[in-house]
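Take a look at the structure below.
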Amino acid sequence: MGSKWKTSFLTDHYSISSGLSKPAKDFGTGYPFLSFKDIFYNYFLPDSLAQLVQSTDKERASCSVRRGDVFLTRTSETMHELGMSSVALKDYTDATFNGFCKRLRPKETSELEPEYVGYYLRSPVFRQSMLAFSTMSTRASLNNEMISRLEISYPDRKIQKKIANILLSLDEKIAISRAINQSLEQMSQALFKSWFVDFDPVIDNALDAGNQIPEALQSRAELRQKARNCADFKPLSADIRALFPAEFEETELGLVPKGWQLKSMHDLVESVSITFPLSKTDKVIFLNTGDIEKGSFLHQNYSKTEGLPGQAKKSIKKGDILFSEIRPENKRYAFVHFESDDYVVSTKLMVLRAKNEINPLLPYFIITLEDNTRKLQRVAELRSGTFPQITFKELEFINFIMPNDHKIMELFINSYLAPAYNKIIATKKANMNLTNLRDTLLPKLISGELSLEDLPDIIKQTEAA
């Protein structure tokens with residue numbers, strides 16, 4: 001640690017307060033509310049708070065959210081999820097915060113910069129010291145007395161700002177990359193909807209051929225004609241259009257493009273249920289439902305752990321789809337894009353494997369569409385009541401109309417879907433490098449391994465990797 005760095009207790013800089021515990025009926029309307037998830041998943045609070053709660057003037061005054069406030073999760077299912085922090089970088093008008101969290105409000109005498117604190121409290125050095133003080137009963141818990149024993153090391157404000165600015169610049173690059181990935185996903189979804197839900201190419205062919213549009217599709221055809229009349233409309237090439245029919249036919253499912261048929265997820269994937277017992281000497285990387293979300297593996301530096309006798313887990317391989325059986329609305333899913341011989345997963349994660357010659361990206365793309373995750377959530381709620389859960393059987397409710405001509409699906413996958421997802425995967429790998437760099441810089445600076453002068457070259461090397 002640098003000779004000019006100071007170490008002091010958090011309570012030298014902050015006063016501790018508890019948040020609001022409100023009944024379920026008070027949520028959904030009212031004033032902004034800082035949720036447990038807002039804190040748990042973010043170094044810094046989101047720009048806006050989506051959750052609303054009914055709160056009084058007194059509650060909003062005592063449980064306010066201001067720039068510099070630090071929030072710690074005070075209870076969790078596991079030790080490693082306890083005391084996760086998030087820092088406010090602005091005032092949030094009329095907002096209050098969750099009772100499952102602690103607020104640390106800066107004292108006037110504090111010498112800490114909020115941006116620096118946000119990164120420090122997520123660093124390995126602080127996480128290790130925090131976990132050493134936490135306790136575990138039926139749930140992990142953190143109280144005021146434990147918080148009062150936590151320490152923070154820091155240089156003068158000028159250096160704090162420099163360190164924070166460098167780390168913030170990395171986060172900005174990560175955010176830009178994520179936005180690009182989101183755009184690629186949205187473009188793929190828009191094309192899928194156009195081709196296989198709205199049947200735009202079939203309507204185009206029918207209009208150009210002068211074929212009668214069924215009455216049930218008249219309004220859709222009118223909207224399509226308006227789009228075709230726009231100056232910036234870009235029609236599909238003739239060779240692609242030729243792959244689609246020019247008329248519809250009535251089926252038990254309603255009107256569908258002529259020759260197309262219904263397919264369900266059961267036609268596309270099989271459930272891998274092969275498990276194996278782990279002995280005391282087996283060392284594997286174990287993935288649980290909390291390790292994946294929205295197509296991403298949330299933790300980058302997995303370490304091998306020894307198995308327990310009789311503990312059965314599922315094996316996976318490259319190309320598999322992982323999908324949580326619990327609460328589909330939480331979007332705990334991911335595509336295994338890496339070699340995975342050392343990985344096993346929880347029995348609460350479905351392992352789906354594409355059948356025969358089906359490109360695994362297609363079923364992954366279909367099952368993770370927003371409409372389908374919502375549908376699975378509704379099914380789970382009907383099936384499981386207060387603990388929404390699905391099994392492989394429920395995937396039969398996910399279906400779409402597929403053309404018999406495989407050339408159309410091959411075109412969609414090879415020319416549009418695969419290139420987009422290859423870019424997404426490459427971007428995620430680059431973000432993993434930036435995330436790892438961000439998460440290791442602060443402890444190295446504190447230990448004296450690195451100085452601020454070293455950082456520009458290290459960042460350039462990481463970006464080039």
Given the options ASP232, ASP239, name the one that is free of Cβ contacts under 8 Å to residues at least 24 places away in the same chain, more than 26 Å from ALA354 (Cα to Cα), assigned to a loop (DSSP other than H, G, I, E, B) and of a type outside the set (S, T, N, Q). ASP232
Pairs please, first residue from segment 349-367 and part of a loop (DSSP other than H, G, I, E, B), second anywhere and aromatic (Phe, Trp, Tyr), Cβ atoms under 9 Å, 6+ apart in sequence or on different chains. PRO360/PHE335
List pairs: first residue in segment 409-425 and outside the structural domain of LEU361 (by TED's automatic domain parsing), second residue crowded, with 16+ Cβ neighbours inside 10 Å and charged (D, E, K, R) anywhere in the structure, Cβ distance under 9 angstrom, at least six positions apart or on different chains. ALA420/GLU185; TYR421/GLU185; ILE424/GLU185
I need a count of the residues in segment 328-373 that are closer than 21 Å to LYS407 by Cα and crowded, with 17+ Cβ neighbours inside 10 Å. 9
If I ask for residues that are surrounded by 13 or more Cβ atoms within 10 Å (Cβ to Cβ) and among the aliphatic types (A, V, I, L, M), which ones from segment 58-91 would you list? VAL65, VAL70, LEU72, MET79, LEU82, MET84, VAL87, ALA88, LEU89
Might you check whether a residue that is under 25 Å from ALA164 (Cα atoms), of a type outside the set (A, V, I, L, M) and free of Cβ contacts under 8 Å to residues at least 24 places away in the same chain occurs anywhere in segment 23-37? yes
Could you list all residues from segment 347-362 that are within 19 Å of the chain's Cα centre (by Cα) and under 12 Å from GLY319 (Cβ atoms)? VAL351, LEU361
Qualifying residues in segment 3-30 (those that are more than 17 Å from ASN143 (Cα to Cα) and of a type in the set (Ser, Thr, Tyr)) - the one modelled with the lowest pLDDT: SER3
Count - residues of segment 63-104 that are outside any strand (DSSP E or B) and modelled with pLDDT of 95 or more: 13
Take SER55 and decide whether it is in a loop (DSSP other than H, G, I, E, B) and buried (at least 20 other Cβ atoms within 10 Å of the Cβ). yes
Evaluate the following for ALA246: is it over 36 Å from the mean Cα position of the chain (by Cα), outside any helix (DSSP H, G or I), in contact (Cβ under 8 Å) with a residue 40 or more places away in the chain and more than 25 Å from ARG353 (Cβ to Cβ)? yes
Restricting attention to segment 315-327, the residues that are touching a strand residue (DSSP E or B) at 6+ places or on another chain (Cβ under 9 Å) and either surrounded by fewer than 20 Cβ atoms within 10 Å (Cβ to Cβ) or not assigned by TED's automatic domain parsing to the domain that holds PHE286 (or both) number exactly 5
Suppose the filter is surrounded by fewer than 19 Cβ atoms within 10 Å (Cβ to Cβ), closer than 28 Å to GLU449 by Cα and of a type in the set (Lys, Arg); does LYS22 pass it? no
Only one of (1) outside any helix (DSSP H, G or I); (2) more than 30 Å from ILE366 (Cα to Cα); (3) outside the structural domain of GLU111 (by TED's automatic domain parsing) fails for ARG149. Which number is that? (3)
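Got a number for residues in segment 199-219 being on the phi < 0 side of the Ramachandran plot and exposed (fewer than 15 other Cβ atoms within 10 Å of the Cβ)?
So the count comes out to 7.
The values are calculated or read from the model by the stated rules, or taken from the named source; none is laboratory data. None of these values were measured; they are calculated from a predicted model. In this analysis, Cβ positions are derived from the backbone assuming ideal geometry, glycine residues included, and neighbour counts consider all displayed protein chains.
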